[in-house]
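So the structure is just underneath, and the comments pick up after that.
The values are calculated or read from the model by the stated rules, or taken from the named source; none is laboratory data. Bear in mind the structure is a predicted one, so any value in this text is a computation, not a measurement. Cβ placement follows ideal geometry from the backbone for every residue including glycine, while neighbour counts extend to all protein chains displayed.
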Amino acid sequence: MAKKNSASDYEAGFKQREVPEGFKAYRNDGKGFDELKEGQEIAGELVSIRDHQITDQRTNEPKDIRVYSIRTEDGTLKIGGRTILDRQFDEIMDENGGFTVENRRYAGRGYEYLRGREIRLFRGEDTKTRMNNPLGTYEILVKE
């Protein structure tokens, strides 16, 4: 009978595996999305915006969230969207020609305006909703 591999076996395999010259490794490290914490700033090039389906922790139902891939000096970060952050990105894309979403992929002049540009995301001080959930405040800077 074959041995069942654990998550730590896979992680160890990735760490031991040498990437041949001329190749770049793309790995799912199992850590999920990167966080944009209160008071934190992330600067880099916007690689893509895509919708991903996750399981809502409160309802255990599937839900779509927007994910922003940002290439920084330290690697590519995947930031899970939040309603206020998503609305700000919508406004930027609308202001620059609009966007559409088909099969969870973004397209359009407004999306292409952002893609490949240097951006800075800043998460300000959180407030609370009526349900006592954190409500983030965000600022997005886009290099012209």
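If the condition is being over 16 Å from Phe122 (Cα atoms) and surrounded by fewer than 14 Cβ atoms within 10 Å (Cβ to Cβ), then region 86-97 contributes Glu91, Asp94, Glu95, Gly97.
Put simply, of Ile70, Ile65, Ile49, Ile79 the only residue that is out of contact with any helix residue (DSSP H, G or I) (no Cβ under 9 Å at 6 or more places or on another chain) and of a type outside the set (Phe, Trp, Tyr) is Ile70.
Beta carbons closer than 7 Å, at least 6 apart along the sequence or on distinct chains, pair a first residue in region 69-90 that is under 17 Å from Thr137 (Cβ atoms) with a second that is of a type in the set (Phe, Trp, Tyr) and part of a strand (DSSP E or B) for Ile79/Tyr68; Gly81/Tyr68; Ile84/Tyr138; Leu85/Tyr138; Gln88/Tyr138.
This table checks each residue for (1) surrounded by 14 or more Cβ atoms within 10 Å (Cβ to Cβ); (2) over 14 Å from the mean Cα position of the chain (by Cα); (3) modelled with pLDDT of 95 or more.
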residue: Lys63; (1), (2), (3): no, yes, no
residue: Ile70; (1), (2), (3): yes, no, yes
residue: Gly81; (1), (2), (3): yes, no, no
residue: Ile84; (1), (2), (3): no, yes, no
residue: Glu112; (1), (2), (3): yes, yes, yes
residue: Arg120; (1), (2), (3): yes, no, yes
residue: Met131; (1), (2), (3): no, yes, no
residue: Glu144; (1), (2), (3): no, yes, no
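Could you count how many residues in region 13-33 are at pLDDT below 70, of a type outside the set (D, E, K, R), closer than 25 Å to Gly80 by Cα and loosely packed, with under 10 Cβ neighbours inside 10 Å? First the steps, then the outcome.
Filtering region 13-33 for residues at pLDDT below 70 gives 13-16, 27-31.
Those still in the list that are of a type outside the set (D, E, K, R) too: 13-14, 16, 28, 30.
Add one more test, that the residue is closer than 25 Å to Gly80 by Cα, and what stays is 14, 28, 30.
The next check asks that each one be loosely packed, with under 10 Cβ neighbours inside 10 Å; those that pass are 28, 30.
Within region 13-33, residues that are at pLDDT below 70, of a type outside the set (D, E, K, R), closer than 25 Å to Gly80 by Cα and loosely packed, with under 10 Cβ neighbours inside 10 Å number 2.
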